[in-house]
Amino acid sequence: MEGRRDTKQAEKDYLRRAAAGEWEKFKPFSPPGTNTLADSIPLMQDFAGALAILQPTPTDLILDLGAGACWCTDWLARLNLRTISVDIAHDMLRVGQSRVPPAARTRLAAGDMEQLPFASGVFDKAICLSALHHVPSIEKALGEIARVLTPGGSVLFSEPGAGHSERPGSVAATRDFGVLEQDILVDDFMAACQRAGFADVRLKPMSYVIAGFDLTHEQWEAWTRLARQRRPFRAWEKLWRAVLELVGAGKRDVLFEEAFAMNLVRLLRGAMEDHPVVVASKKAPGVAAGDALSAGIRLVDAPQRLSVRAGERFELTALISNRGQTPWPSGSASSTPGRVQLGIQLLDEQLRLADRDYQRVPLAGDVAPGASARLKCVCHAPGSAGRYALKLDLVMEGVTWFEPRGSTALTLPLQVDPA
């Protein structure tokens, strides 16, 4: 227990003892007059990869674990994502307060990952970039993280892997500052996630540039031909290559695919072992319920073609159904990020966009996946006579319209006669 207290106190004292204040103020960018590319590039890659994998929405509440001076929180806030940050070191959080937007400054919490200061089932997503390997009891921390996530929540860990504790920088940090530097070993860590209650645990191959791996143009063409092969020709070629393999022939041509595949497997395995990125989810994988944003839209008691006079007020009743996986928040104020509304666009006679924001119809309340809502739309016809069309689609404000995400919009022809 004494050793555990010592390493935690060392984390609290690290900023002062290491004189790392300038780096933490600018991280992951370089402080003036310095070159931190070797440290900055992996951090930026980790952040981009984490968001690509977690796919957070504006309605998610994200926990930034081991936030340090909150550079990750800063970037999440700039992407209009809701974040709460926790770190064991008060000094780090003070630096974080100076760099995050004002709205995020009240959402920084001092706390220990082995005993998180939050209620159970609060967070939709969590992100932990190179912080868990400093925690003495990783098992206890994983249990706490699972506790504070919602039943469908998930967390992404990006940590140093095998051999990290023996590298010169880690040895120096342990010797000079007393901090804990551990290896995160893939097999052990994934098993620990499962014991902590995560139903689905996946190791992610990251799309980093691996310096030791490349292809010539000819090798790329050979790989492309392999990908396009179909049965039964592929099976016959495998038999022929097996014969060549026995006598050690064809390494540069016929057996290129085998040699390339083994090289790729070894390089990827080494990269993933060196820097494991693991996503642990509390919900077991299952059959997808459809696209994340998908809507059914139909008009109630509406003609197939609407005819009105120029400037005339008219009404439509739309029945909308949430066919996706994501609840639609109605939002109590116009500034609520990610609120969903029915959007009506005005199209010209050639069905080209004339007015993207022709009309908005707010939801009366949140619409859960599988639920429906009836909306009354009050519109005014264009002031000029002619042929038009109305396109009805759902819009998540500040994020996206549903149609570009694969949902089907409804188009209604509109005839506008002279007033």
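The values are calculated or read from the model by the stated rules, or taken from the named source; none is laboratory data. Small disclaimer: the values here were computed from a predicted structure and weren't measured. Please note: Cβ atoms are built from the backbone with ideal geometry, for glycine as well, and neighbour counts cover all protein chains shown.
So which residues in segment 25-49 are within 14 Å of TRP75 (Cα to Cα) and either under 19 Å from the mean Cα position of the chain (by Cα) or in contact (Cβ under 8 Å) with a residue 40 or more places away in the chain (or both), if there are any at all?
Residues satisfying the conditions are LYS25, LYS27, PRO28, LEU43, MET44, GLN45, ASP46, PHE47, ALA48, GLY49.
Among the candidates ARG107, ARG99, single out the residue that is more than 26 Å from ILE184 (Cα to Cα), assigned by TED's automatic domain parsing to the domain that holds ALA20, among the charged types (D, E, K, R) and in contact with a strand residue (DSSP E or B) (Cβ under 7 Å, 6 or more places away or on another chain).
ARG107
Quick check on my filter: what residues within segment 309-326 are surrounded by fewer than 18 Cβ atoms within 10 Å (Cβ to Cβ), within 26 Å of the chain's Cα centre (by Cα) and within 17 Å of PRO362 (Cα to Cα)?
Of everything in segment 309-326, just one residue is surrounded by fewer than 18 Cβ atoms within 10 Å (Cβ to Cβ), within 26 Å of the chain's Cα centre (by Cα) and within 17 Å of PRO362 (Cα to Cα), namely SER321.
Tell me, yes or no, whether segment 136-149 has at least one residue that is farther than 28 Å from GLU273 by Cα and more than 21 Å from the chain's Cα centre (by Cα).
Checked against the condition, which is being farther than 28 Å from GLU273 by Cα and more than 21 Å from the chain's Cα centre (by Cα), segment 136-149 yields no hits at all.
Of all residues in segment 74-122, count the ones that are of a type in the set (Ser, Thr, Tyr) and within 21 Å of ALA19 (Cα to Cα).
Of the residues in that region, 1 qualify.
Considering only residues that are of a type in the set (Lys, Arg) and loosely packed, with under 14 Cβ neighbours inside 10 Å, look in segment 260-308 and name the one that is modelled with the highest pLDDT.
Among those that are of a type in the set (Lys, Arg) and loosely packed, with under 14 Cβ neighbours inside 10 Å, it is ARG298.
Would you confirm whether or not segment 22-30 contains a residue that is in contact with a strand residue (DSSP E or B) (Cβ under 6 Å, 6 or more places away or on another chain) and among the acidic types (Asp, Glu)?
So far as segment 22-30 goes, no, none of its residues is in contact with a strand residue (DSSP E or B) (Cβ under 6 Å, 6 or more places away or on another chain) and among the acidic types (Asp, Glu).
Looking at the structure I just gave you, is ALA48 over 27 Å from GLN115 (Cα atoms) and either basic (Lys, Arg) or surrounded by fewer than 20 Cβ atoms within 10 Å (Cβ to Cβ) (or both)?
yes
Does SER170 qualify as being of a type in the set (S, T, N, Q), in the same structural domain as ARG16 (by TED's automatic domain parsing) and touching a helix residue (DSSP H, G or I) at 6+ places or on another chain (Cβ under 7 Å)?
yes
Being surrounded by fewer than 16 Cβ atoms within 10 Å (Cβ to Cβ) and more than 21 Å from ASP60 (Cα to Cα), is that true of even one residue in segment 327-344?
No: zero hits.
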